[in-house]
Amino acid sequence: MTNGARAGSGGESSPGEVWGELPRFRPHPWVRGGHAQTILGSYWPAPPLPAVHESISIRTADGDRLHVHHDRPVGGHGTGRAALLLHGLGGCHRSRYVARLAARLATRGWDVYRMDMRGCGDGALTARGHTHAGRWTDLAEVIEGLEARDPSLPKLSLVGFSMGGNQLLKLLGCWSRTAERVERGIAIAPPLKLALCADQLDRGLNRIYDWSFVRNLKRMVQRRRNVPGFLASDRWQLPDRLRRFDSQWTAPINGYRDVDDYYDRASAVHELGRIPVPTLIVAADDDPIVPAATFDGLPAARHVRVLLTDGGGHLGYVGADASQRHWLDHRLVEQLEAPLTESRPVDVPHGERTRTTSSASASLVAEGHAIDGLEAERHPFVGSRESLA
C-alpha cells in the first residue's frame with residue numbers, strides 16, 4: 001500500500017491474511033481538503049444500475065421487515081461471487097456511493113445485494129423499528145434470509161460505509177456464523193468510537209454535517225409517524241443536534257440506558273479482536289466526521305488491517321486521474337477481487353509507526369499480527385448526498 005502507513009504490533013507474530021496493494025490517492029487539484037472532498041463527493045453522480053433487479057423483503061424475528069435489492073450480473077454471466085453493500089447514516093440502497101459500487105461489480109459478474117437499514121429506503125413507511133449504529137443483528141437476519149431463499153448462496157463479501165461500516169464490524173465480531181457465511185469485510189470510514197465522532201461533529205465547521213444528519217433523521221422520523229406500531233406521539237419534538245437526538249430518540253427507543261451507554265455499547269471498537277475473517281478498514285486522515293484519532297490505540301486484532309489515507313475526506317475520494325475519478329470505487333473492486341494469501345510473520349516493535357511506499361513492502365506489516373493500536377496506512381474514499389456519513 002502507498003500513501004504512507006502506520007502499523008503497530010502487539011504480541012507474537014502469526015500468519016494472517018494480506019490484502020492487495022492500493023495505489024496512492026491523489027486528490028483532484030481543485031478538490032483539496034477534507035471538507036471539499038466530503039461535500040463534492042456527496043454530490044457526485046452514479047451510473048445507471050443494471051436493468052436486472054429484484055427487490056426482496058425479509059421478515060425479522062421481531063415481526064418487522066427489512067428490504068434488500070438484488071442486482072444480477074450484467075449479461076447473465078456470473079462469476080459465482082456475491083457482495084452485500086450497506087449504506088451510511090441517513091442513506092439507503094440508492095445512495096450514490098452504494099449505487100456506483102453495485103454497478104461496477106454487476107458489470108464484472110457479481111451478484112450484488114444492496115441493503116436498506118431498518119426504516120430506511122423502501123422500509124421507511126413499513127418498518128416499525130429504527131436503525132442505529134449497533135444494530136448488527138439486522139444484517140445477520142438479512143444474510144440468513146438470503147440464504148433461506150437460495151441455499152446455494154456463496155459466502156458473501158461485505159462492504160459497509162460509515163455507520164454501515166460500524167454495523168458490519170459489529171456483525172463480524174459478534175455473529176456466531178461469521179466464518180461460515182462471510183468471505184471478507186471492508187468498512188469505509190467506520191465511526192468505531194461513537195462518542196469521539198459525536199464530539200468531532202460539535203466543533204467548528206463540522207457542525208454543518210451535524211445539522212445535515214439531524215435534518216435528515218428528523219424528516220425520516222416525521223415521515224414514519226403514521227406507520228402502525230411505530231412509536232407513541234410523545235417524542236415528536238426532536239432536537240437539532242445529533243448528540244441530543246441520540247439522547248432523546250435513538251438511545252431510549254432502542255433500549256439503551258442513555259446516550260453514553262449507546263455510544264459505548266454500539267461502538268464496533270470492542271469487537272475488532274473477535275473478528276475471524278479478513279477485514280479491511282479504510283479511512284482518511286482529513287475526515288471531518290470520523291477523525292483520524294478514531295484509529296489510535298485500537299485493540300489487538302489479528303484479522304483486521306487499518307489503512308489511513310492522506311486525504312479523501314468522508315467518503316469523498318475525488319481523484320486527479322480522469323480515468324479513475326472515483327478513486328475509492330476502483331480500489332474497492334480491486335480489493336474485493338484480490339486473492340487472499342497468507343502473510344509471512346514480520347516483527348515490528350510495539351508502537352512503532354511505519355510508512356508505506358508505492359512498492360508495497362512496509363504496508364503489509366499490519367497483517368499477520370495481533371495488532372495493538374491498529375494504526376493505519378494512508379489513502380481516500382467517496383460519499384453521497386443522502387448521507388454525508
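Applying a threshold of 8 Å to beta carbon distances and a minimum spacing of six or more residues, or different chains, the list of pairs starting in the range 271-295 at a residue that is over 27 Å from Ser176 (Cβ atoms) and ending at one that is polar (S, T, N, Q) and surrounded by fewer than 23 Cβ atoms within 10 Å (Cβ to Cβ) reads Pro288/Gln200; Pro288/Asn206; Ile289/Gln200; Ile289/Asn206; Val290/Gln200; Pro291/Gln200. Residue pairs whose Cβ atoms lie under 9 Å apart, sitting 6 or more positions apart in sequence or on different chains, and linking a residue in the range 106-128 that is more than 28 Å from Val333 (Cβ to Cβ) to a partner that is assigned to a helix (DSSP H, G or I) and among the basic types (Lys, Arg), are Ala124/Arg223; Leu125/Arg223.
No other residue among Leu201, Leu153, Leu205 is crowded, with 21+ Cβ neighbours inside 10 Å and either touching a Ser or Thr at 6+ places or on another chain (Cβ under 8 Å) or not aromatic (Phe, Trp, Tyr) (or both) apart from Leu201.
Looking at this structure, is Tyr262 buried (at least 22 other Cβ atoms within 10 Å of the Cβ), over 30 Å from Leu336 (Cα atoms), in contact with a helix residue (DSSP H, G or I) (Cβ under 8 Å, 6 or more places away or on another chain) and not β-branched (Val, Ile, Thr)?
Details: buried (at least 22 other Cβ atoms within 10 Å of the Cβ): yes; over 30 Å from Leu336 (Cα atoms): yes; in contact with a helix residue (DSSP H, G or I) (Cβ under 8 Å, 6 or more places away or on another chain): yes; not β-branched (Val, Ile, Thr): yes.
Considered against the rule, which asks whether it is buried (at least 22 other Cβ atoms within 10 Å of the Cβ), over 30 Å from Leu336 (Cα atoms), in contact with a helix residue (DSSP H, G or I) (Cβ under 8 Å, 6 or more places away or on another chain) and not β-branched (Val, Ile, Thr), Tyr262 comes out as yes.
For every residue, the table says whether it meets (1) over 23 Å from Glu183 (Cβ atoms); (2) in contact with a His (Cβ under 6 Å, 6 or more places away or on another chain); (3) surrounded by fewer than 24 Cβ atoms within 10 Å (Cβ to Cβ).
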residue: Asp62; (1), (2), (3): yes, no, yes
residue: Leu66; (1), (2), (3): no, no, no
residue: His70; (1), (2), (3): no, no, yes
residue: Arg104; (1), (2), (3): no, no, yes
residue: Trp110; (1), (2), (3): no, no, no
residue: Tyr113; (1), (2), (3): no, yes, no
residue: Met117; (1), (2), (3): no, no, no
residue: Leu125; (1), (2), (3): yes, no, yes
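Kindly evaluate Asp116 against the criterion of being acidic (Asp, Glu), touching a helix residue (DSSP H, G or I) at 6+ places or on another chain (Cβ under 6 Å) and at pLDDT 90 or above. Even if it seems obvious, please write down each step before you answer.
Details: acidic (Asp, Glu): yes; touching a helix residue (DSSP H, G or I) at 6+ places or on another chain (Cβ under 6 Å): yes; at pLDDT 90 or above: yes.
Judged against the criteria, Asp116 is a match.
Output the helices (runs of 4 or more DSSP H) that fall wholly within the range 144-249 and possess 2 or more residues being modelled with pLDDT of 95 or more and more than 20 Å from Ala133 (Cβ to Cβ), or say none. Once the helices (runs of 4 or more DSSP H) in the range 144-249 are filtered for at least 2 residues that are modelled with pLDDT of 95 or more and more than 20 Å from Ala133 (Cβ to Cβ), what remains is 178-181.
Closer than 14 Å to Gly20 by Cα, in a strand (DSSP E or B) and in contact with an Asp or Glu (Cβ under 8 Å, 6 or more places away or on another chain): which single residue out of Val282, Val306 fits that description?
Working: Val282 fails: in contact with an Asp or Glu (Cβ under 8 Å, 6 or more places away or on another chain).
Of Val282, Val306, the one residue that is closer than 14 Å to Gly20 by Cα, in a strand (DSSP E or B) and in contact with an Asp or Glu (Cβ under 8 Å, 6 or more places away or on another chain) is Val306.
The values are calculated or read from the model by the stated rules, or taken from the named source; none is laboratory data. Computed from a prediction, not measured in an experiment: that's the story for all the values here. Here the Cβ is made from the backbone with ideal geometry for all residues, glycine too, and neighbour counts use every protein chain on show.
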